[in-house]
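For reference, the structure discussed in these notes is given below.
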Amino acid sequence: MADSDNPSVPEGEVRRSPTATAAEEPPGTAPVDGAPPRRRSWRDKAERWRRGKFVIVAALALSAMMLLHSRIPNAIGNLGSLVQTFLPWFGLLVPLLLVGALLSRSITAVVAVTVSALVWMNLFAGLLVDKTGEGGALTVVSHNVDAENPDPTATARQLMESDADLIALQEMPRGELALYAATLGEEYPYAAVEGTVGLWSRYPLADTEPVDLGLGWTRALRTTATVPEFGDMAVYVAHLPSVRVQFRAGFTAGQRDDSADRLARAIAEDPNERVMLLGDLNGTVNDRALAPLTSQLRSTQGAAGAGFGFTFPAEFPVTRIDHILVRELEPVSSWSLPGTGSDHRPVAARLDP
């Protein structure tokens, strides 16, 4: 029959077969009502991944660095120790990467950043929990008083306000030793001083001797403190060599590392079961260079502190290089004290036998 037999089709228009498939639709043609939406092409998916590629790579690299920080080599500029010194601060990259992931609208990037956050929390979340307890039979304080301290007497009096039983000092210039001794001697009748370090005590001290750190001058001592409820304990006061971050040399810590090894050997050979190390170690407990010490001694801050307890520099502390480490003693609480005029903040702890 002629077209006129189908009045629903205007004259001159080609009628489309009802069996035509979606594949015959020209590219870019919108689907007809009721048809399934067109699937994204592989090019669309690749473009979506590329939008979050930088964030994904950065987040995975951050996670790997935090997980494997102990594997970062020290052969070039002590890079491993440098990273470990400031390891907690790498957590600041997590929120920045999260913002980038959200802006890129990439689910994969968000997942990668979440992994970084979980790795950081696994390493440091325990330090953020307040583990301080009540009481403590013995209170100890350690402080690098700074050779350029403008008011040694005021610093000594401020430390006395902590009501500590033992006060250990490092970096005391010879010319100011008498000032510290005169001030602290008012309440602490027992003292042990070797070179630039010293210990003042309310309890008897005996068998004091210098500890050789291989420097050619004395920056560490060992003494025996006899304390009620504790009996005899070996007390070490030490100031390990400073480290520097230099453009060409990197993290110069070789002398510090050698001194840490010498000190660790002395402590390992100490016949006394109860041992306490008070001092400026110029390194964090995460730094592998201090592993000879931290493997046999327990950090009071890690065991009974709240937060990271940063001590240096005093005006805006970003790392904890001043420590109280113990063996066969029970930390009850541990904290950092306010600034005293030194470039370090003092650290304190309460202990039980």
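No lab work stands behind these numbers, since they all come straight from the coordinates. Not measured: the values here are computed from a predicted model. Counting neighbours? That spans all protein chains shown, and the Cβs are built from the backbone with ideal geometry, glycine included.
Here the Kirkwood formula puts the hydrodynamic radius of region 42-128 at 13.8 Å, using every distinct Cα pair.
Taking the fewest neighbouring Cβ atoms within 10 Å as the starting point, the ordered list for Trp217, Trp89 is Trp217, Trp89. Need one word for region 138-352: rounded, prolate or oblate. Basis is the Cα gyration tensor (sqrt eigenvalues a ≥ b ≥ c); a/c below 1.5 gives rounded, then a/b vs b/c decides. Judged from the Cα gyration tensor, region 138-352 comes out rounded (a/c under 1.5). Cβ crowding within 10 Å ranks Val145, Val113, Val94 as Val94, Val145, Val113, fewest other Cβ atoms first. Seen through its C-alpha gyration tensor, with square-root eigenvalues sorted a ≥ b ≥ c, region 156-277 comes out oblate because a/c lies at 1.5 or above while a/b is not bigger than b/c. Between Val99 and Asn122, the contour length at 0.36 nm per residue exceeds the alpha carbon distance by 6.1 nm.
Among Tyr236, Tyr188, the order by Cβ neighbours within 10 angstrom, fewest to most, reads Tyr188, Tyr236.
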